[in-house]
Amino acid sequence: MLEPFTRAFWPEVARFARRLPNFGYLKTIVRLHLDEERPGGCYVWRAEGRVAAFCGLNYLNPDDAWLYGMRVTSSFHNRGIGTRFTRALIKTARRDGRTWVGLNTTDHPSHRPVFRIADRLGMKLEGIYCNDGFWSLRRRLTVPRLRHHPDIFDEFLKRGRTTIFHSTPGWFWSRLLTARREWVNANGYVLQGVPVHVTYATHPKRRKSATINLLELPPEPRRLLTGLLALAQRRNWIVVNYPLEWKRTVQSTWRELVPNLRRNHNHYRSAERVYGKRL
């Protein structure tokens, strides 16, 4: 059954979560909701008298909820825990006034159980996107000057996009609702004639990050992508989000521009499926 997470549950959660990928991400989720009191919360699923699973529920705005960081202990795999837990969290989001709930999962065959859960619960595949991250690049690149775009919200809609990628921290997608037009347009820019959505953030020790939605890929993207990489120099980092169909062109251009890219050293890449459900 579903129960709100408390610190008393942490030893049980940590016992199985330490053996799974990205344990540090779980600790971040707990900190966001218990220490910083972000809207939403953390939950566990209890079965047979013990904690079987953990998940975060983030209320990104007054309309949208986001499920993230779900972990199920191996002894409860293939027993329907993920489906029942997700269904209960969706009901919680609806009870709390949200009208849509979303989640993302890696676009890889090993994540097929998540695909099946999403389908079983009536979630729609909103899109498949690449997320390419870069940090601490040592090349000396000229940081581009971005020109403000007056209505990048409309640029998203013209391309059939229903969600926008952003980071709070964590990777989230929110719906492109009319009520959110002003919020989206505040970070709309044009770089070399191409519309981009760039959200900047400042971190401790004067570090900076940029979360980027790339909305158009020119036939010769080298100059555009060079401009984006310039934002990841020194102690800064970026995450660039773009449709999966551009993957081969974009990632081969990255490698041409920075031949010494090393995965998990100064570069990270993934492809993510984004699912959503109206409540």
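The values are calculated or read from the model by the stated rules, or taken from the named source; none is laboratory data. It should be emphasised that the depicted structure is a prediction, and the values quoted were computed from it without experimental measurement. Every residue, glycine as well, gets a Cβ built from its backbone with ideal geometry; the counts of neighbours run over all protein chains shown.
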task: List the number of the failed condition for residue 107; all other conditions in (1) touching a Lys or Arg at 6+ places or on another chain (Cβ under 6 Å); (2) over 20 Å from residue 245 (Cα atoms) hold.
output: (2)
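Could you tell me how many of the residues in region 229-255 are closer than 16 Å to residue 144 by Cα and in a helix (DSSP H, G or I)? Walk me through it before giving the result.
Kept after step one, since they are closer than 16 Å to residue 144 by Cα, are these residues of region 229-255: 229-234, 236-238, 240.
If we keep only those that are in a helix (DSSP H, G or I) too, we end up with 229-232.
Residues flagged as closer than 16 Å to residue 144 by Cα and in a helix (DSSP H, G or I) within region 229-255 amount to 4.
Show me the strands (runs of 3 or more DSSP E) found entirely inside region 1-118 where at least 2 residues are at positive phi, surrounded by 16 or more Cβ atoms within 10 Å (Cβ to Cβ) and modelled with pLDDT of 95 or more. Spell out the reasoning first.
Numbers: elements: 2-4, 40-47, 50-59, 64-72, 100-106.
So the answer is 40-47.
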field: All strands (runs of 3 or more DSSP E) inside region 182-228 with 2 or more residues being more than 26 Å from residue 252 (Cβ to Cβ)
entry: 194-203, 207-214
- prompt: Inside region 41-51, can you point out the residues that are within 14 Å of residue 67 (Cα to Cα) and without any contact (Cβ under 8 Å) to a residue 40 or more places away in the chain?
  reply: 41, 42
query: For the subset of region 132-160 comprising residues that are at pLDDT 95 or above and of a type in the set (A, V, I, L, M), which member is surrounded by the fewest Cβ atoms within 10 Å (Cβ to Cβ)?
result: 157
query: Looking at this structure, is residue 89 touching a Cys at 6+ places or on another chain (Cβ under 8 Å) and farther than 24 Å from residue 246 by Cβ?
result: yes
message: Can you list residue pairs whose Cβ atoms sit under 8 Å apart, with the first residue in region 165-194 being over 20 Å from residue 273 (Cα atoms) and the second being aromatic (Phe, Trp, Tyr) and part of a helix (DSSP H, G or I)? Count only pairs 6 or more apart in sequence or on different chains.
response: 180/153; 181/153; 184/153; 184/156; 185/153; 188/153
query: Does any residue of region 256-269 turn out to be at pLDDT 95 or above and closer than 25 Å to residue 163 by Cβ?
result: no
message: Among the numbered criteria (1) modelled with pLDDT of 95 or more; (2) surrounded by fewer than 19 Cβ atoms within 10 Å (Cβ to Cβ); (3) more than 21 Å from residue 41 (Cβ to Cβ), which one does residue 129 miss?
response: (2)
message: I'm checking my understanding of the structure. Among residues of region 156-167 that are part of a strand (DSSP E or B) and in contact with a helix residue (DSSP H, G or I) (Cβ under 9 Å, 6 or more places away or on another chain), which one is nearest to residue 210 (Cα to Cα)?
response: 164
query: Can you find a residue in region 147-155 that is in the same structural domain as residue 264 (by TED's automatic domain parsing), touching a strand residue (DSSP E or B) at 6+ places or on another chain (Cβ under 7 Å), under 30 Å from residue 33 (Cβ atoms) and part of a strand (DSSP E or B)?
result: no
- prompt: If you take the residues in region 203-249 that are β-branched (Val, Ile, Thr) and over 19 Å from the mean Cα position of the chain (by Cα), which one is surrounded by the fewest Cβ atoms within 10 Å (Cβ to Cβ)?
  reply: 249
task: Filter region 127-150 for residues that are charged (D, E, K, R) and touching a residue at least 60 places away in the same chain (Cβ under 8 Å) and give the result.
output: 132, 138, 139, 140
